[in-house]
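All of the numbers you see were taken from the coordinates with simple rules; none came from a lab. Values in this document were obtained by computation on a predicted structure and should not be read as measured data. Here the Cβ positions follow ideal geometry from the backbone for every residue, glycine too, while neighbour counts run over all protein chains shown.
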Amino acid sequence: MAEHPGLPASGSEEDASVVRVLSYNIRSMRDDRAALARVIRACAADLVLIQEAPRFFRWRKAAERLARAAGLYYVTGGATTAGPMILATLRAHPERTNDILLPRTPGLHQRGFATAVVRVGRARLGVLSCHLSLADQERYEQAGLLLEHVAALDVPHAVVGGDLNDRPEGRSFRRVAGALTDCWAAKPWGGEFTSTPHEPRQRIDALFTTDGVEVLGSGVPLGLPGVHEADLRAASDHLPVLAALRVPAAD
């Protein structure tokens with residue numbers, strides 16, 4: 001398993017579980033698929049929250065190939081959510097999943113959420129993968145819907161990951177961060193900026209948690225053993241965000 005100073009490996013404690021979560025916009029796997037799989041595998045995440053998953057012809061086969069190459073399995077999402085998807089290791093056991101399509105503004109892309117409730121070690125965790133709109137007003141409304149759907153998971157603890165198409169000072173990003181914990185702001189680790197891989201200068205991809213989840217470190221996994229800069233540049237037009245979280249044990 002990949003380890004790095006300041007970012008604990010996955011594991012279980014008496015009263016909590018350390019869960020590693022990765023959020024990654026993979027641009028419909030239009031880039032170097034082998035490099036993409038190597039990056040995901042090296043991050044050794046229990047949960048991988050994908051954006052821009054394959055969603056057209058034979059999308060399920062493409063998702064399954066990526067999951068196998070990265071040592072994961074498919075949980076939910078993809079074409080059924082217009083892009084967001086959740087993959088996981090065998091350490092994560094889904095209790096339920098729900099694929100959500102959001103209201104669509106004419107002329108703009110369909111958007112959706114991939115959601116699940118999973119048990120990872122001793123923890124029980126809600127999970128939501130999102131990719132918000134490029135249009136400011138629609139994006140702001142989707143940020144509100146995101147918070148509603150996190151609440152609707154009806155679990156004490158949850159993690160959200162995605163491409164917000166907004167910077168931390170933007171009103172949609174601030175709407176989410178006002179209700180959830182921005183993992184980078186709570187415990188920065190690795191790199192900050194996620195776009196673009198060749199000249200990172202903005203943070204539009206992020207991970208968030210609900211109250212009660214301790215962030216042990218979060219950021220772009222630059223320098224993580226097995227994650228090479230050449231692979232990060234070749235895999236997608238975004239950089240991934242990795243976090244280690246301590247989630248209290250479920251009752």
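Overview of values
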read-out	value
FRET E, pair Phe57, Leu108, Förster distance 25 Å, beta-carbon r, rounded to 0.05	0.65
Beta bridges by DSSP in segment 108-251, antiparallel share as percent, to the nearest 5	75
Net lengthening on full extension, Ala250/Leu145 (0.36 nm per residue, minus Cα-Cα)	35.2 nm
Selected from Ala234, Ala152, Ala143 as most flexible by GNM, with the chain as the system and alpha-carbon contacts under 10 Å	Ala152
Loop sites in segment 126-177: GluC sites (Glu not before Pro), DSSP, at most 12 other Cβ within 10 Å	Glu169
Longest segment of the chain lacking chymotrypsin sites (Phe, Trp or Tyr not before Pro) that sit in a DSSP loop with at most 11 other Cβ atoms within 10 Å	58-251
Neighbour-limited loop hits for trypsin sites (Lys or Arg not before Pro), segment 138-239 (at most 15 other Cβ within 10 Å; DSSP other than H, G, I, E, B)	Arg201
Calculated SAXS-style log₁₀ I(q)/I(0) at q = 0.08 Å⁻¹ - the chain, Debye, Cα scatterers	-0.25
Selected from Ala116, Leu147, Pro103, residue furthest toward positive end of dipole (segment 74-157; charges at beta carbon)	Ala116
Radius ratio Rg over Rh of segment 118-202, counting only Cα atoms, Kirkwood formula for Rh	0.99
Segment 2-79: trypsin sites (Lys or Arg not before Pro) falling in loop per DSSP and having at most 12 other Cβ within 10 Å	Arg30, Arg58
Full-stretch length increase - Asp32, Arg68 - with 0.36 nm per residue and alpha-carbon distance subtracted	11.4 nm
Per residue Cα convex hull volume in Å³ - calculated over segment 53-92	50
Structure-based [θ]222 nm, the chain - -39500 (n - 2.57) summed over DSSP H runs of at least 4, per residue, nearest 500	-7000 deg cm²/dmol
Calculated FRET efficiency for the pair Arg171/Ala230, C-beta based, R₀ 45 Å, to 0.05	0.80
Rounded to the nearest 20 debye, dipole of segment 1-154 from Cβ charges on Lys, Arg, Asp, Glu	780
Among Gly191, Gly170, Gly162: highest mean-square fluctuation, GNM of the chain, C-alpha pairs under 10 Å	Gly170
Of Leu153, Leu102, Leu49, the one that fluctuates the most in a GNM where the chain has Cα springs shorter than 10 Å	Leu102
Spherically averaged projected area of segment 1-97 from its Cα convex hull (nm²)	6.7
Cβ-based net charge around Arg167, under 14 Å, with every Lys or Arg adding one and every Asp or Glu removing one	-1
